[in-house]
Ligand SMILES: Cc1ncc(C[n+]2csc(CCOP(=O)(O)OP(=O)(O)O)c2C)c(N)n1
Ligand code: SF4
Ligand SMILES: [Mg+2]
């Protein structure tokens, strides 16, 4: 079990003067948002995802005090350490409930969660389902390398059949999950796939995800060069593979069409499979609170509590 680490941004030259309007502030560059030197293996796919997060912060002019970067445990989940902004490196598989609390209590923040396939779909599988169905406003990028990297090669829920690892020395016999189908079935309102090897595609997908009002999920293929090299060569033109985009005529509002498209073999297609609008829990809760405030207007906090206790008698 890992301990919670919360990071706060250091003061930077790009920090706002108290009377400066957002429009007058200079976009944060990589220099302002990069923290510790990433400790990933040279060639790990996770480097690209981090570089694009810096880019996204700069391009979309997000400010330190408006970003929250959350992760669980794993190589990919080291992410918040490398970002100079508010964030937390939380318990294995529990990044989503932590981020849910942040998102519900601070609607003014951009909440991003990064993690691995084990973190998301094994130990954190239940939280993935419930965060999706509740439609919490946040962006979840799962850096899927189809293996447990940090703990040095165990089978993960996305490892292919026959994958040899420390937990399956003769090859995995368990059918892997399909994260896109899982997300659609759980009720996610934005479901996309991208890859760390296609920079423009991943940046575009991250932008679309952060603009979505609800739970946005990206399955981002990210190669573990150490324990599953070559896993995504079939989708990488530089390695002789083919990068297939979601067909232009795909109707992303059609849940069944999205599910069917996600059923394609191998790494499948890349792009937005499904996107719909449904009230977020953030909006539903905000309305509940506002409606209740009207009923208790003029009362002190202790009087509201007293009323509640009286009702329970
Ligand atoms: C409660 C708990 N159980 C198990 C572990 C050990 N553990 C740490 S990371 C990890 C899996 C990481 O795999 P993944 O989420 O795919 O991330 P990757 O390292 O591949 O990026 C496991 C099993 C832990 N830290 N805490
Ligand atoms: S073990 Fe794999 S996932 Fe972890 S840093 Fe190295 S290449 Fe990346
Ligand atoms: Mg992994």
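The values are calculated or read from the model by the stated rules, or taken from the named source; none is laboratory data. Computed from a predicted structure; not experimentally measured. When we count neighbours, we look across all protein chains shown, and the Cβ atoms used for this are built from the backbone with ideal geometry, even at glycine.
Filter segment 207-242 down to the residues that are in a helix (DSSP H, G or I), within 20 Å of residue 186 (Cα to Cα) and either without any contact (Cβ under 8 Å) to a residue 12 or more places away in the chain or touching a helix residue (DSSP H, G or I) at 6+ places or on another chain (Cβ under 9 Å) (or both) and list them by number.
Within segment 207-242, just 210 meets the criteria.
So that you can scan it fast, the table gives a plain yes or no per residue for (1) within 15 Å of ligand 1 (Cβ to nearest atom); (2) assigned to a loop (DSSP other than H, G, I, E, B); (3) outside the structural domain of residue 221 (by TED's automatic domain parsing); (4) over 23 Å from residue 38 (Cβ atoms):
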{"residue": "112", "(1), (2), (3), (4)": "no, no, no, no"}
{"residue": "160", "(1), (2), (3), (4)": "yes, yes, no, yes"}
{"residue": "168", "(1), (2), (3), (4)": "yes, yes, no, yes"}
{"residue": "173", "(1), (2), (3), (4)": "no, yes, no, yes"}
{"residue": "176", "(1), (2), (3), (4)": "yes, yes, no, yes"}
{"residue": "180", "(1), (2), (3), (4)": "no, no, no, yes"}
{"residue": "185", "(1), (2), (3), (4)": "no, no, no, yes"}
{"residue": "192", "(1), (2), (3), (4)": "no, no, no, yes"}
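Could you check segment 134-158 and list, in sequence order, the residues that are more than 13 Å from ligand 2 (Cβ to nearest atom) and either over 18 Å from the mean Cα position of the chain (by Cα) or outside the structural domain of residue 120 (by TED's automatic domain parsing) (or both)?
Correct list: 155 only.
Count, please, the residues in segment 54-91 that happen to be within 16 Å of ligand 2 (Cβ to nearest atom) and either assigned to a helix (DSSP H, G or I) or farther than 24 Å from residue 145 by Cα (or both).
7
Scan segment 235-252 and give yes if some residue there is within 16 Å of ligand 3 (Cβ to nearest atom), in the same structural domain as residue 45 (by TED's automatic domain parsing) and touching a strand residue (DSSP E or B) at 6+ places or on another chain (Cβ under 7 Å), otherwise no.
no
Filter segment 262-274 for residues that are surrounded by 12 or more Cβ atoms within 10 Å (Cβ to Cβ) and in contact with a helix residue (DSSP H, G or I) (Cβ under 8 Å, 6 or more places away or on another chain) and give the result.
262, 266, 267, 268, 269, 270, 271, 272, 273, 274
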